[in-house]
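The values are calculated or read from the model by the stated rules, or taken from the named source; none is laboratory data. Since the model is a prediction, treat every value here as computed from it, not as a measurement. Cβ placement follows ideal geometry from the backbone for every residue including glycine, while neighbour counts extend to all protein chains displayed. These accessible areas exclude ligands, DNA and RNA; they are computed on the full protein's heavy atoms, side chains included. Shrake-Rupley method; radii C 1.70, N 1.55, O 1.52, S 1.80 Å.
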Amino acid sequence: LSGFTRCFSQLHNNKGILSVDGLVYGYNHDPSKNIFQKGKQFLLEGTLDKVSINLYEGGKLIYNTHTNSKGEFQLKMNLGKVYKIELSKEGYAKSILLIDVNSVPPEITANGIEFSGMELTLNSFLSKDTSKLNLPFGKLYYNDKTKSMEFQRGEAKSKKGILSRSEDTNTHVSLMKRAVLKNK
């Protein structure tokens, strides 16, 4: 991925732009099985090619791209807006991430922001529970206090008042937290 990242550092005009690059992985996990049950818990399938990545602003589709043969992608977004990124591929559950760069101050906007090494995942286990299908797993946003991009997990929905164990080991969330730490 080093050649892929170098491509971004050679850009001369990132003014007003958030540049994001990363990878999309496939995995299989049935969240209804807990750690103590026998059977496969989490099976990483590797990077995914031809993942459709839709970029929405204000509910309107503004850009579509796909991952390349190595599972890599690149996105550029104007600062000062809120976006929804929707990843999908046949045979996988859809994944949604919000990106909020609405409150980036002018001194940062002048140079733009580069967020490198984002890792996103798609689960090939298709659950019969569709209640979370259109809910974002979290939000990547600019934090003015830390002067950096931060991640906030999506609202954990509870089942009968008790948080499900799968909320604690959410793959999307842990990968995004790791990417944020790498970009500080």
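One residue stands out among those in the range 123-145 that are within 19 Å of residue 82 (Cα to Cα) and among the polar types (S, T, N, Q): the one that is least open to solvent (accessible area, probe 1.4 Å), which is 143. Restricting the range 146-177 to residues that are open to solvent by less than 90 Å² (accessible area, probe 1.4 Å) and of a type in the set (Asp, Glu), the residue that is modelled with the highest pLDDT is 150.
If the condition is being closer than 27 Å to residue 147 by Cβ, assigned to a strand (DSSP E or B) and open to solvent by less than 20 Å² (accessible area, probe 1.4 Å), then the range 51-103 contributes 55, 73, 75, 77, 83, 85, 96, 97, 99.
Filter the range 105-137 down to residues that are in contact (Cβ under 8 Å) with a residue 60 or more places away in the chain and not small (Gly, Ala, Ser), then give me how many there are.
The total comes to 12.
Within the range 137-147, not a single residue is assigned to a loop (DSSP other than H, G, I, E, B), within 17 Å of the chain's Cα centre (by Cα) and of a type outside the set (Phe, Trp, Tyr). Within the range 1-36, the residues that satisfy the criterion of being at pLDDT 50 or above, polar (S, T, N, Q) and open to solvent by 80 Å² or more (accessible area, probe 1.4 Å) are 13, 32. Among the numbered conditions (1) within 17 Å of residue 181 (Cβ to Cβ); (2) in contact with an Asp or Glu (Cβ under 8 Å, 6 or more places away or on another chain), the only one that residue 119 does not meet is (2). Do we find that residue 126 is part of a strand (DSSP E or B), modelled with pLDDT under 95 and farther than 22 Å from residue 16 by Cβ in this structure? Against the criterion (part of a strand (DSSP E or B), modelled with pLDDT under 95 and farther than 22 Å from residue 16 by Cβ), residue 126 does not qualify.
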